[in-house]
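Read through the structure below, which is laid out as structure tokens, and then see the notes.
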Amino acid sequence: MLNRTGIGAGWALAATFWMAACGRSSMPLPTTDDGTLSLSGTAAEVAPSAHALPGVHILITDGPGAGHETTTDAGGTFHLTALPSGMIGIVATKDGYFPWRVMNLSVDTYHEIQIVMYPQTPRDASGTPATARCNDGTWSWDTSLDGLCATHGGVAYAACPGPLCVH
């Protein structure tokens, strides 16, 4: 079976959040001197070529912190400060990658996130998009499951949208 975690209709929708049981943290919220909150984290490419992603533009699109933005550093880390309490929406973008989005994130609960981005699907010389990413990091243009990535360690994920995606 193909692993399609976090990919569909051209959007990468994978996110990992850290929090204590029941959505409450025993640690105090990371507030600034003026009582506002902060949000930090990392951005990385999804496996099999997992690595930190510098230069990811992170923008708060919705909620009380709308308009706050930053860019990940050379190690793929970011830090947003002076955020008001409430629910926010975030979009992360980088050339060559599908946008990453999350909506209704409570900055009161979640103060550290991980952004996991999928590379855009390459095309061959005839303009045909790849159908899958292999476990060794190469791309496949096969349209059937028989032998798909067989000499490349198997399938890491299907390239969606495409003929191998489950709709």
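The numbers here are math on the coordinates, done by the rules we state, and not lab data. Because the structure is predicted, anything quoted here is derived from the model rather than measured. Counting neighbours? That spans all protein chains shown, and the Cβs are built from the backbone with ideal geometry, glycine included.
Among C160, C165, which comes first, then next, by fewest other beta-carbon atoms within 10 Å?
Sorted ascending by nearby Cβ count, the order is C165, C160.
Mind listing the phi-derived Karplus ³J(HN,Hα) values for the stretch 142-158, rounded to whole Hz, using 6.51, -1.76 and 1.60 with θ = phi - 60°, and x for any glycine or proline?
5, 10, 10, 6, 5, x, 4, 6, 4, 9, 10, x, x, 8, 7, 6, 6
Per 0.36 nm of contour for each residue apart, how much would the distance between T109 and N135 grow if the chain were fully extended, relative to their Cα-Cα spacing?
That pair, T109 and N135, stretches by 5.9 nm at full extension.
Give the order of M103, M117 when sorted by the count of other beta carbons within 10 angstrom, beginning with the fewest.
M103, M117
With N denoting the number of residues in the stretch 122-167, provide Rg(C-alpha) divided by 2.2 N^0.38 Å, to two decimal places.
My calculation over the Cα atoms of the stretch 122-167 gives 1.04.
Based on the Cβ-Cβ distance of T81 and T61, what FRET efficiency does E = 1/(1 + (r/R0)^6) give at R0 = 25 Å, to the nearest 0.05?
With a Förster radius of 25 Å, E is 0.90.
Cα-based Rg of the stretch 42-143 per 2.2 N^0.38 Å, rounded to two decimals?
Taking N as the residue count of the stretch 42-143, the ratio is 1.25.
Most exposed first by the Cβ proxy, i.e. fewest other Cβ within 10 Å, how do H111, H68, H79 rank?
In order of increasing Cβ crowding within 10 Å: H79, H68, H111.
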